[in-house]
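Take a look at the structure set out below.
The values are calculated or read from the model by the stated rules, or taken from the named source; none is laboratory data. Computed from a prediction, not measured in an experiment: that's the story for all the values here. As a convention, Cβ positions derive from the backbone with ideal geometry for all residues, glycine included, and neighbour counts pool all protein chains shown. Surface accessibility is based on the protein's heavy atoms, side chains included, excluding ligands, DNA and RNA. Shrake-Rupley method; radii C 1.70, N 1.55, O 1.52, S 1.80 Å.
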Amino acid sequence: MWRGLWTLAAQAARGPRRLCTRRNSGAPVPGSGATIFALSSGQGRCGVAVIRTSGPASGHALRILTAPRDLPPARHASLRLLSDPRSGEPLDRALVLWFPGPKSFTGEDCVEFHVHGGPAVVSGVLRALGSVPGLRPAEAGEFTRRAFAHGKLNLTEVEGLADLIHAETEAQRRQALRQLDGELGHLCRGWAETLTKALAHVEAYIDFGEDDNLEEGVLEQANIEVRALEVALGAHLRDARRGQRLRSGAHVVVTGPPNAGKSSLVNLLSRKPVSIVSPEPGTTRDVLETPVDLAGFPVLLSDTAGLREGVGPVEQEGVRRARERLEQADLILAMLDASDLASPSSCNFLATVVASAGAQSRSSSSQRLLLVLNKSDLLSTEGPGPGPDMPPHLLLSCVTGEGLDGLLEALKMELAAVCGDPSTGPPLLTRARHQHHLQGCLDALGHYKQSKDLALAAEALRVARGHLTRLTGGGGTEEILDIIFRDFCVGK
Ligand SMILES: Nc1nc2c(ncn2[C@@H]2O[C@H](COP(=O)(O)OP(=O)(O)OP(=O)(O)O)[C@@H](O)[C@H]2O)c(=O)[nH]1
Ligand SMILES: [K+]
Ligand SMILES: [Mg+2]
């Protein structure tokens with residue numbers, strides 16, 4: 001009987017009523033057939049520049065630009081004289097690499113020219129390539145698009161590649177590399193297989209339900225698999241915002257009473273004079289946002305107006321903006337002047353902002369808070385310092401820098417919680433698109449459980465599986481492809 005079920009599983013995977021799991025289907029390559037070329041390294045003067053081609057005329061282009069004219073051994077760097085095929089004028093002595101398809105980045109015949117990076121050399125070689133019949137300049141992302149169309153990368157891997165090219169911090173690079181390695185795609189394919197099996201069980205029941213030969217518990221088996229999948233999807237969706245924060249930056253907001261030293265801290269963390277610092281309370285009015293790399297994590301750091309009441313209309317507007325920004329924070333850096341803890345503004349801040357964030361964090365809210373007591377250098381001379389009922393805090397002096405290492409260490413731990421730690425744990429969902437499809441899958445599984453009719457239950461499983469397939473690019477529409485490939489530059 002079980003062998004029968006596996007046959008059904010195979011049918012379920014390819015049958016006419018079902019969504020198909022073909023790899024990267026339906027993605028016509030714009031103008032494929034043409035051979036494309038582009039500068040793949042950065043623009044501007046550099047030591048070595050890499051120019052690539054992809055397409056059937058690559059080998060021909062390599063032969064007519066180089067001397068000797070024979071193709072070099074595949075995937076080995078060879079030194080060749082490059083010259084313009086029309087005038088015969090020498091252009092450069094360069095390393096060339098020949099990657100016959102399908103063992104290449106795009107799956108097509110590819111050539112790489114590693115030339116000297118002067119702008120005149122690069123433009124000379126690009127002009128020479130442009131003169132070869134059948135060759136044209138590549139569009140943005142076209143190399144990667146061809147790799148996708150030839151099944152070299154799935155959609156989540158393409159996204160990982162785009163993120164890797166744009167990664168600015170260490171944590172972003174680690175995350176992008178994991179996605180490029182296909183971890184998320186792997187996970188989704190495993191889930192899709194689970195659903196294919198569950199579907200086979202349900203269909204076996206539909207077809208042979210009355211049959212005595214059908215093994216007992218076939219439907220129960222499908223239900224167990226669906227329940228386990230629901231748990232796994234739920235866990236990933238709970239973490240969904242973390243991966244997106246890692247990709248586009250976590251919102252860290254510095255807040256506190258006037259003159260606590262908020263702007264001093266923002267300047268210290270961003271290592272540039274973002275905000276005006278002065279002994280005058282109420283200096284900062286507008287929200288000042290600056291992108292920074294904090295302990296390897298991408299952060300959008302906001303300086304805000306000191307929180308106080310009973311001031312003029314302009315400062316009042318600043319306080320309103322500060323509160324508004326505070327609501328959007330993933331992590332609050334709450335700052336007080338350690339030598340002024342008994343003042344009404346400090347007490348009020350502790351009783352409102354700090355206490356309410358503390359209550360929230362106990363109810364596992366997503367907003368986190370670090371309490372920083374600044375101006376520790378003044379403690380011995382001017383104030384008694386924090387008492388025993390002060391909530392957990394860090395001591396810092398923005399003037400001497402004392403306590404900064406401890407603060408950075410604490411920030412690293414908080415940000416790992418806010419963004420997810422890309423070196424460990426399950427693969428993160430870095431895009432709204434990932435979240436959308438996993439949620440769609442979970443919703444469909446909900447319909448499966450509710451449907452009394454077995455045909456509807458089977459349909460719900462097919463819908464659920466369709467979401468997982470689309471996440472990795474099976475049946476991907478042109479529109480989604482366009483959005484993803486827009487992130488790429490020419491030459492990638
Ligand atoms: N002694 C000492 N002074 C500090 C420290 N940090 C900041 N200050 C001083 O405190 C004053 C206020 O600093 P700011 O950074 O402008 O404070 P702020 O919280 O941004 O103030 P507002 O924008 O007005 O709310 C300035 O004179 C700073 O030089 C510190 O660690 N020790
Ligand atoms: K100030
Ligand atoms: Mg300020």
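Condition check: part of a helix (DSSP H, G or I), outside the structural domain of residue 304 (by the TED database), away from ligand 2 (no atom under 16 Å from the Cβ) and more than 30 Å from residue 452 (Cβ to Cβ). Does residue 227 satisfy that? Steps first, please.
Numbers: part of a helix (DSSP H, G or I): yes; outside the structural domain of residue 304 (by the TED database): yes; away from ligand 2 (no atom under 16 Å from the Cβ): yes; more than 30 Å from residue 452 (Cβ to Cβ): no.
No, not satisfied.
Do we have residue 342 as within 19 Å of residue 278 (Cβ to Cβ) and either assigned to a helix (DSSP H, G or I) or open to solvent by 20 Å² or more (accessible area, probe 1.4 Å) (or both) here?
no
Take the residues in segment 149-178 that are free of Cβ contacts under 8 Å to residues at least 40 places away in the same chain and more than 16 Å from residue 248 (Cβ to Cβ), then tell me which one is farthest from the chain's Cα centre (by Cα).
153
Examine segment 85-92 for a residue that is part of a helix (DSSP H, G or I), at pLDDT below 95 and in contact with a helix residue (DSSP H, G or I) (Cβ under 8 Å, 6 or more places away or on another chain), and state whether such a residue exists. Please lay out each step first, then the result.
Start the filter on segment 85-92 by keeping residues that are part of a helix (DSSP H, G or I), which leaves none.
No, segment 85-92 has no match at all.
Could you tell me whether residue 119 is surrounded by fewer than 19 Cβ atoms within 10 Å (Cβ to Cβ) and in contact with a Cys (Cβ under 9 Å, 6 or more places away or on another chain)?
no
Restricting the search to segment 390-436, which residues are open to solvent by 20 Å² or more (accessible area, probe 1.4 Å) and within 16 Å of ligand 3 (Cβ to nearest atom)?
398, 399
Among the residues in segment 129-144, are any assigned to a helix (DSSP H, G or I), within 20 Å of the chain's Cα centre (by Cα) and surrounded by 14 or more Cβ atoms within 10 Å (Cβ to Cβ)? Full working, then the answer.
As a first pass, look at segment 129-144 and keep what is assigned to a helix (DSSP H, G or I): 129-130, 142-144.
Retained after the next criterion (residues that are within 20 Å of the chain's Cα centre (by Cα)): 144.
Subsequent filtering for residues that are surrounded by 14 or more Cβ atoms within 10 Å (Cβ to Cβ) retains 144.
Taking every residue of segment 129-144 in turn, at least one turns out to be assigned to a helix (DSSP H, G or I), within 20 Å of the chain's Cα centre (by Cα) and surrounded by 14 or more Cβ atoms within 10 Å (Cβ to Cβ).
Considering only residues that are of a type in the set (Val, Ile, Thr) and closer than 30 Å to residue 177 by Cα, look in segment 238-280 and name the one that is farthest from ligand 2 (Cβ to nearest atom). If you could, list the steps in order and put the result at the bottom.
At the first step, the residues of segment 238-280 found to be of a type in the set (Val, Ile, Thr) are 252-255, 266, 274, 276-277.
Of the ones still in play, those that are also closer than 30 Å to residue 177 by Cα are 252-253.
On the way: 252: 20, 253: 17 Å.
Of everything passing the filter in segment 238-280, 252 is farthest from ligand 2 (Cβ to nearest atom).
Can you find even one residue in segment 311-334 that is under 29 Å from the mean Cα position of the chain (by Cα), crowded, with 16+ Cβ neighbours inside 10 Å, more than 16 Å from ligand 1 (Cβ to nearest atom) and over 27 Å from residue 400 (Cα atoms)?
Yes: segment 311-334 contains one or more residues that are under 29 Å from the mean Cα position of the chain (by Cα), crowded, with 16+ Cβ neighbours inside 10 Å, more than 16 Å from ligand 1 (Cβ to nearest atom) and over 27 Å from residue 400 (Cα atoms).
Taking segment 157-183 only, how many residues are open to solvent by less than 50 Å² (accessible area, probe 1.4 Å) and in a loop (DSSP other than H, G, I, E, B)?
3
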